[in-house]
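Structure first, then comments.
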Amino acid sequence: MPDSVLRRAASRFGTPLYLYDFDVIERQVARLRRALGPRFELAYAVKANPSLGVLFFLGKLGLSSDVASAGELAAALRAGFLPSKILSTGPAKNDEDLEALVRARVAIIHAEGEWELEQLEKIGKRLRRRVAVGLRLNPPWGIAEKRVMIGGPGAKKFGFDLTSARKILRVKERFPRLEVCGFQVFNASNVLNASLLVQNVRNVLSLAIALSKEFSVPLRSVDFGGGFGVPYSDGERPLDLKILREGLEAVARDVSLEPRLDGTRLVFEPGRFLVAESGTYAVNVLGTKRSRGVDCVLVDGGIHHFLRPVLFGTPHRVRLIRARNGRRPRPSSPSRRSMVVSGPLCTSLDVLHPAARLPLPERGDLLAFENAGAYGYTESMPLFLSHEWPAEAGVRKGRLALLRKAPSVATLLRGQSDPFGGR
Ligand SMILES: Cc1ncc(COP(=O)(O)O)c(C=O)c1O
């Protein structure tokens, strides 16, 4: 994203600020669609960035969506996703989540435990509805994650392991209101190896077909989850979309020969790949200090808005945007040095970058953290220290727009009282 756009956005909406480049989102959708080909459906995992503006945009591009809660469902519906294009997956969905999903008549609800099936059965009975259900499976094989996010093969809290899945499929008639009609497997995020992703698709399909035969489960949908990675650090190579495309073309050819997969929705539900690279978290430099030989830059944002770098121990690339369009030192300039970028939280954990290599910033400059469009704003902890949250803004073909106003301090206090009269 050009520095001039960030400067304009920061002066218009203030800092700290999340800014998403919608042209990048559009590009990522197009690139991934080309790689998936026509046989695979693209659903957006809302959790990656549930900002309504982003959802409206992706809905208009024709994507389906995957929601994990009643809140995400409400957002997807508000953004215009048809229920037939909404799928749901998420561990520990509560009774309200499940009821909202049934009432909305979403395409399929992936159950992650026996109690969810029992609860869905009760809801289906009460509402006199048949409920399309898939089982989220947690096979002992799968893609090992570079950094644990979902948990890799054998992740424990997600879905049914194969013994439990077989046990429940054997007695599926216990749930007359449920139509078990699909499977979902997702156990690795931020995967940068396209061949592993393709192999995983093959493995999931074989498993789905085997269970379908063994337990007479119609395959209305098979869902391979998300997991398409983006490079966060300089040494990482982007996903090879050519390998992905060629691999999936071969899978699609094999699928066309398998009668059980005739008309089956073959779904991917990525989040990160579609939105991560669109986003920048921009903060304002409040001051710098040198302490015991270390340069520290203090900024007006921190890990309360952008937790990811410390949560996963992966600093994001950051660049300096001078307040004035002054002469900028060349990248190889010796004035570049390593510095710690920290925010206002009263904890030494609040480090946005432990070793950013930058020319020393000055008060009023901006620092722009890249690849912040996925799992940024909403995977953080904005209430700590009661600062205002950042606004979210978008840029589309050079035009800036506010997506979500920063809530004021008054908003943060709203709904609270002194219930014990100060005693
Ligand atoms: C069920 C489910 N589907 C899809 C995703 C999206 O994953 P990614 O952003 O890695 O594509 C997640 C992420 O946690 C998930 O839990």
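Odds and ends about this structure:
- Residues that are within 16 Å of the ligand (Cβ to nearest atom), farther than 20 Å from ASP161 by Cα and in a helix (DSSP H, G or I) within region 94-131 comprise ASP97, LEU98, LEU101, listed in sequence order.
- Extreme residue, nearest to the ligand (Cβ to nearest atom), among residues of region 184-226 that are over 20 Å from LEU241 (Cα atoms) and of a type in the set (Ser, Thr, Tyr): SER221
- Among the candidates GLY62, GLY134, GLY71, GLY53, the residue that is more than 14 Å from the ligand (Cβ to nearest atom), touching a residue at least 60 places away in the same chain (Cβ under 8 Å) and out of contact with any helix residue (DSSP H, G or I) (no Cβ under 7 Å at 6 or more places or on another chain) is uniquely GLY53.
- Single residue of region 150-162 satisfying the filter (out of contact with any Gly (no Cβ under 9 Å at 6 or more places or on another chain) and not in a helix (DSSP H, G or I)) that is modelled with the highest pLDDT: LYS156
- Selected residue (only one of LEU244, LEU197, LEU219 is surrounded by 20 or more Cβ atoms within 10 Å (Cβ to Cβ), modelled with pLDDT of 95 or more and assigned to a loop (DSSP other than H, G, I, E, B)): LEU219
- Among the residues making up region 260-312, those that are more than 16 Å from the ligand (Cβ to nearest atom), small (Gly, Ala, Ser) and in a strand (DSSP E or B) are ALA282, GLY287, SER291.
- Test result for ARG39, more than 16 Å from the ligand (Cβ to nearest atom), at pLDDT 95 or above, crowded, with 17+ Cβ neighbours inside 10 Å and basic (Lys, Arg): no
- Every residue from region 163-175 that is part of a helix (DSSP H, G or I) and either surrounded by fewer than 16 Cβ atoms within 10 Å (Cβ to Cβ) or within 16 Å of the ligand (Cβ to nearest atom) (or both): THR163, SER164, ARG166, LYS167, ARG170, GLU173, ARG174
Yes or no, residue by residue, for (1) within 29 Å of ILE25 (Cα to Cα); (2) modelled with pLDDT under 95; (3) not in a loop (DSSP other than H, G, I, E, B):
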residue	(1), (2), (3)
THR314	yes, yes, no
ASN325	yes, yes, no
PRO329	no, yes, no
SER338	no, no, yes
SER348	no, yes, no
HIS353	yes, no, yes
ASN371	yes, no, no
SER386	no, yes, no
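- Total residues in region 56-75, condition aliphatic (A, V, I, L, M) and surrounded by 24 or more Cβ atoms within 10 Å (Cβ to Cβ): 2
- Boolean, TYR44 is farther than 30 Å from VAL299 by Cβ and either within 16 Å of the ligand (Cβ to nearest atom) or in contact (Cβ under 8 Å) with a residue 12 or more places away in the chain (or both): yes
The values are calculated or read from the model by the stated rules, or taken from the named source; none is laboratory data. Bear in mind the structure is a predicted one, so any value in this text is a computation, not a measurement. Here Cβ is always computed from backbone atoms with ideal geometry, including for glycine, and neighbour counts include all displayed protein chains.
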